[in-house]
Structure formats: structure tokens, C-alpha cells
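Below is one structure, written out as C-alpha cells, with a few remarks after it.
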Amino acid sequence: MTTGATSTRRTGLSIKDVARLAGVSAQTVSRVSSGSTNVRPETRERVELAMQQLGYTPNRAARALRVGQTHTIGLMAHRFERTGEALTMKSVVAAAEQEGYAVTLIDVVGTSESSWAQRASRLSEQAMDALVIIRAEGAAPESLAIAPTLPIAVSDSRLAGYLPAAIADQTTGTQEAVQHLLELGHRTVHHISGPVDSVPAQVRSTAWQQTLAGAGIRPPQQFVGDWSARSGYESGRRLALDPDVSAVFCCNDETAFGLMRALHEAGRRVPDDVSIIGFDDIGLAEFAAVPLTTVRQDFHAIGEELVRLVLMQVGGAERHTLGRTTLPTQFVQRASTAPPRS
């Protein structure tokens, strides 16, 4: 036989049902549902118990209309499937859930400034309390016509300084990687970069060039990729033809994996013939056939900081009072680097 509570759960519930079971007014149930502090603890406990027994879930959409909050954070990026975006998205979602917020993904089609401007102009149509932007490639601060009252934080060097930001110290990470190869005895370090329209790729490329120049070494030809293992493989096929190539710093770990395959096919061993360093320290880096030396970005800390920055603004902090948080990277040495063969 079906119980009354189960029957009510199937046919729909209202505040009046909860109020009747808890022995309070519907107004009191409404206050508990909206998070009001103007309810005695023992009464709140009785109402919450009644909600649990009945399987009642407050109508959050209706509450949002009443109090002007949706408890939703928008997460905006181009190509969420890319490793950096995916890992940052995961960390933002986890941090938001800890604070009782849901996350709505806002995908931008295209990297042009107009693509970002058009998408930003429609943000007012989205029901959200705050916005996080990951790598706004192709967007300039002036092209993002975002309401000044919308809490926002970014994880992109291009917009840091204009908007509250949480970014990794990619310059120091790159310097440590290149310096490690030079200290092993390599006469120079080649580089497979990310795409030319990517600020993180530009930052790493510039740091690579400056580190070599600081050691009195003229940087060799740079190979431009697109963050993918395929681009690492294609660049690697060309690098494998040059017997003088003994060390390569890759823009990310996936590019390094593609390079490894190209070198293997050409009969060049890692690290005996060529040392390789990646960037990011994704899960596969430790478990590759040759464990990859890399630079670790703390995506979890980045996500937590982005959520903290926007929720501070939800709580009343002004944008201009929140600057840029630069999170340290960590150099992780594994088996893919070694001194050059004599």
C-alpha cells in the first residue's frame, strides 16, 4: 500500500502542506525557504524536518524573483573541451557547489573580438548572479560591454588589470622549465608554442625567449601549434630531422605527447636523444611511457579564487577594489629530461 507521504510527493506539494505538518504558518515556511534569519532555530529545525519528510523542495525560481538572486554563476569561454578550460571549469563548478551555487556554461563560438562582443551583449538575457570568464581569446576589455553591476572575475592575462582576475604565474613556470634544461647542459632549447591569438601562449613564448637571451643564447626557430597533440606531432616530425635538437619546451602536456610520438617514430629516444618538458601537469603526464617533466598549474586553486572573487562582489565588494591574484606554478621533474649525450 502506498503511504500518504509518498502519494503527496507524487501529486505535488505546497508551502501549506509543509506548514500543516510542522505546525507553523505558511509565511514561516516561506522565510525558512528563502534563508531568512528571522526564524527561531527550533522552528527552523521543525520546518526543515517537515520538508525532508514530505520531500518538499523550495521553488528556487520563484525565490529568485522575490529576492533578486538566482544562486547561479555564469561560466564563459571558447572551447570548453580544451584541457585548460575543462580543468578550470571543473574547479569552478566544485567551488561554486561548496557555496551553494549552480554554474551555467556560456560557450562562445569563434575567437574574434566581435564574437565575444556579441555574446557579452546578450548576457543580460541570462539568469545569473555573477560571471566567470576563462581565456577570453580575441576579446579586448573595451569590447566586453558587461554591466558594471554584474560581479565578474577572469582567468585571462588579457583582461587582468581591467577586471578582478586569478591567473597562474606562467612566466616563472616557463623560466624554471627552460633553466632546468640549460642547467642539464643543453646548448639551447626549442619551443612548440600555442596559437598566436592566445595570451597564455604568448606569455610562455616570451618567457622562453627571454630566458634564453638572458643566458646569452639566441632563440632558435619557434614552432607554432594549437595546444593539441596533433600539432605537437606535426612539429615533432620536423624537429626530429634536426640532429642538433636535444631539448624542447612544449606549450602544454598534450603537445609534448604528440612530440614524443614523432620522435619515437623517427628513432629518437626520450630523454636519451631529446629532453622534453610540458606545461599543466594533466593526469596522463605521470603515467606516460616516459613520465613527463612538466610545469603544474593549480587549477583547483584557480577555480576557488575565481568563485571567491565573484562572491565577494555579490556580497557588496566593488570591482575596482579586487585586483589580480597570481597563483604559483610548480616545476615537476620526471623522467623525460636528462643531460644531452656527449
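Can you report the number of residues in the range 159-196 which are of a type in the set (Val, Ile, Thr) and in contact with a Gly (Cβ under 9 Å, 6 or more places away or on another chain)?
Total satisfying the criteria: 1.
Wholly within the range 241-305, which strands (runs of 3 or more DSSP E) include no fewer than the required count, namely at least 3 residues that are not polar (S, T, N, Q)? Explain how you work it out, then say what you get.
Values: elements: 247-250, 275-277, 294-296.
The qualifying strands (runs of 3 or more DSSP E) are 247-250.
Residues are listed down the side, and each one gets a yes or a no for (1) modelled with pLDDT of 75 or more; (2) in a helix (DSSP H, G or I); (3) under 22 Å from the mean Cα position of the chain (by Cα):
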site: Gln118; (1), (2), (3): no, yes, no
site: Ile146; (1), (2), (3): no, no, yes
site: Gln179; (1), (2), (3): yes, yes, no
site: His186; (1), (2), (3): yes, no, no
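Report whether or not Gly232 is small (Gly, Ala, Ser), at pLDDT 95 or above and more than 29 Å from the chain's Cα centre (by Cα).
no
Hey, does the range 313-327 have a residue that's part of a loop (DSSP other than H, G, I, E, B), more than 19 Å from Glu254 (Cβ to Cβ), touching a residue at least 12 places away in the same chain (Cβ under 8 Å) and not charged (D, E, K, R)?
Within the range 313-327, one or more residues are part of a loop (DSSP other than H, G, I, E, B), more than 19 Å from Glu254 (Cβ to Cβ), touching a residue at least 12 places away in the same chain (Cβ under 8 Å) and not charged (D, E, K, R).
May I ask you to verify whether Glu254 is in contact (Cβ under 8 Å) with a residue 24 or more places away in the chain, under 19 Å from the mean Cα position of the chain (by Cα) and farther than 22 Å from Arg204 by Cα?
Numbers: in contact (Cβ under 8 Å) with a residue 24 or more places away in the chain: yes; under 19 Å from the mean Cα position of the chain (by Cα): yes; farther than 22 Å from Arg204 by Cα: no.
Here the answer is no, as Glu254 does not meet what is asked.
From the residues in the range 37-52 that are of a type outside the set (S, T, N, Q) and outside any helix (DSSP H, G or I), which one is surrounded by the most Cβ atoms within 10 Å (Cβ to Cβ)? Walk me through it before giving the result.
Taking the range 37-52 as the starting set, the residues that turn out to be of a type outside the set (S, T, N, Q) are 39-42, 44-51.
So of that shortlist, the ones also outside any helix (DSSP H, G or I) come out as 39-40.
Working: Val39: 18, Arg40: 9.
Going through the qualifying residues, I end up with Val39.
Hey, among Ser30, Ser91, which residue is of a type in the set (Gly, Ala, Ser), modelled with pLDDT under 85, crowded, with 17+ Cβ neighbours inside 10 Å and assigned to a helix (DSSP H, G or I)?
Working: Ser91 fails: modelled with pLDDT under 85.
Of the residues listed, the single one that is of a type in the set (Gly, Ala, Ser), modelled with pLDDT under 85, crowded, with 17+ Cβ neighbours inside 10 Å and assigned to a helix (DSSP H, G or I) is Ser30.
If you check every pair at least six apart or on different chains, which have Cβ atoms under 6 Å apart with a residue in the range 266-285 that is closer than 29 Å to Ser342 by Cβ first and a residue that is among the acidic types (Asp, Glu) and crowded, with 22+ Cβ neighbours inside 10 Å second?
From residues that are closer than 29 Å to Ser342 by Cβ, the pairs are Gly278/Asp253; Ala285/Asp253.
Looking for whichever is among the charged types (D, E, K, R), within 20 Å of the chain's Cα centre (by Cα), farther than 25 Å from Gln210 by Cα and surrounded by fewer than 18 Cβ atoms within 10 Å (Cβ to Cβ) here; the options are Arg237, Arg308, Arg269. Which one fits?
Details: Arg237 fails: within 20 Å of the chain's Cα centre (by Cα); Arg269 fails: within 20 Å of the chain's Cα centre (by Cα).
Exactly one residue qualifies, and that residue is Arg308.
The values are calculated or read from the model by the stated rules, or taken from the named source; none is laboratory data. Treat the numbers as computed from the prediction; the structure is a model and nothing was measured. No Cβ is skipped: glycine too gets one built from the backbone with ideal geometry, and neighbour counts run over all protein chains shown.
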